[in-house]
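> Submitted below is the structure of interest, expressed as structure tokens.
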Amino acid sequence: MASFSAAAIAPGVLPSTTAAATRLSYRSFVSVKCLGSSSFLPRLCLPQSELRRSTSLRTSYSTVSSPQSFASAPEQLKSAREDIKELLNSKFSHPILVRLGWHDAGTYDKNIADWPQRGGANGSLRFEIELKHGANAGLVNALKLLQPIKDKYSSVTYADLFQLASATAVEEAGGPKIPMKYGRVDVSGPEQCPEEGRLPDAGPPSPAAHLRDVFYRMGLNDKEIVALSGAHTLGRSRPDRSGWGKP
Ligand code: HEM
């Protein structure tokens, strides 16, 4: 069976569950890891000035203004993962949590060097301005499900929490254990959200060309587009959200 790692296929998108989900073979791994001195860390780090700024800002949905470190604490990540499992056991929310992780990550633009302008898994989807993007219809419900967990584990960034929830949902739905790494940095305010239009449209006039435009921008190829689209084996469309599907 072919095996290619998320790191190999899309280093810039690695923080997302979605890239990791394209692995075609799996091995046992430590479920929750932190980046520590990993070579990926520089991609995820902010300048110190930016980090300091991010400690003082509140978010739209957070009721607690807590200092934010630039790497989620490993013990908190492990506990948050257990809480996500409990959430999934008590409420069927696997599809929407996967979609949340993907939509936070899927704004990534490999051609933009600067963070956070390049988008990607950076927690920007917690802000109302981005939740209101057409493609994100309904995802506020996923955020509401995760907010109590975020409030409980203040050192876990939204960016990590979204990907942790997505990976855990894949696993709990019977999918593979995804070898995740953590240490994503949150954007600090709504002004750092990406502009609307980076996620793919459903039903564009030239679907193949459109998908290539969007996914190539993330550094992904045709095979990976197909593999990632397999996520739609989970969940469904809702007319009251995306306008697609049956009531
Ligand atoms: C290929 C381009 C893609 C398009 C155009 C697209 C579009 C859509 C649309 C319109 C919905 C229905 C949303 C609703 O009505 O609530 C949906 C649902 C969903 N999408 Fe995608 N999507 C794409 C790629 C992906 C990827 C890459 C993933 C994850 C790796 C993903 C995960 C999901 C999941 C899990 C749902 C079900 C959500 C639920 O049931 O609440 N999608 N997608």
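> Once you put a point 7 Å from the Cα of residue 195 and another 7 Å from the Cα of residue 151, both along the Cβ direction, what distance in nm separates them?
3.6 nm
> For residue 233 and residue 91, what does the FRET efficiency come to when R0 = 25 Å and r is the distance between their Cβ atoms, rounded to the nearest 0.05?
FRET efficiency, residue 233 to residue 91: 0.80.
> Mind listing the long-range amide H neighbours of residue 182? Cut-off is under 5 Å, sequence gap 5 or more, other chains count too, H placed in the peptide plane at 1.01 Å from N.
Residues meeting the amide H criterion: 33, 34, 35.
> Give the calculated FRET efficiency between residue 223 and residue 173 to the nearest 0.05, with a Förster radius of 25 Å applied to their Cβ-Cβ distance.
So the FRET efficiency works out to roughly 0.65.
> Would you list, by chain and number, the aspartates and glutamates whose Cα falls below 19 Å from the Cα of residue 85, excluding same-chain residues fewer than 8 positions away?
75, 151, 160, 171, 172
> Still on this structure: Please sort by residue number the GluC sites (Glu not before Pro) in segment 159-247 whose DSSP state is loop and whose Cβ has at most 16 other Cβ atoms within 10 Å.
Qualifying residues, ordered by number: 195, 196.
> Could you sort the peptides 159-167, 146-154 by per-residue average Cβ neighbour count (10 Å cutoff), highest mean leading?
159-167, 146-154
> Using packing as a proxy for protection, rank 182-189, 213-220, 133-140 so that the peptide with the highest average count of other Cβ atoms within 10 Å comes first.
Final packing ranking: 182-189, 213-220, 133-140.
> Then there's this: Hey, which of these cross-link pairs are over 25 Å Cα-Cα: 91/246; 110/144; 78/132; 181/223?
110/144; 78/132
> Moving to a separate point now. Under a Cβ-Cβ cut-off of 11 Å, what is the net charge of the residues other than residue 214 that fall near it, where Lys and Arg count +1 and Asp and Glu count -1?
It works out to a net charge of 0.
> Can you list the residues, at least 5 places off or on another chain, whose amide H is less than 5 Å from the amide H of residue 133, using H built in the peptide plane?
Under 5 Å from the amide H of residue 133 lies no amide H from a residue far enough along the sequence or on another chain.
All of the numbers you see were taken from the coordinates with simple rules; none came from a lab. Note that this is a predicted model, so its numbers are computed, not measured. As a convention, Cβ positions derive from the backbone with ideal geometry for all residues, glycine included, and neighbour counts pool all protein chains shown.
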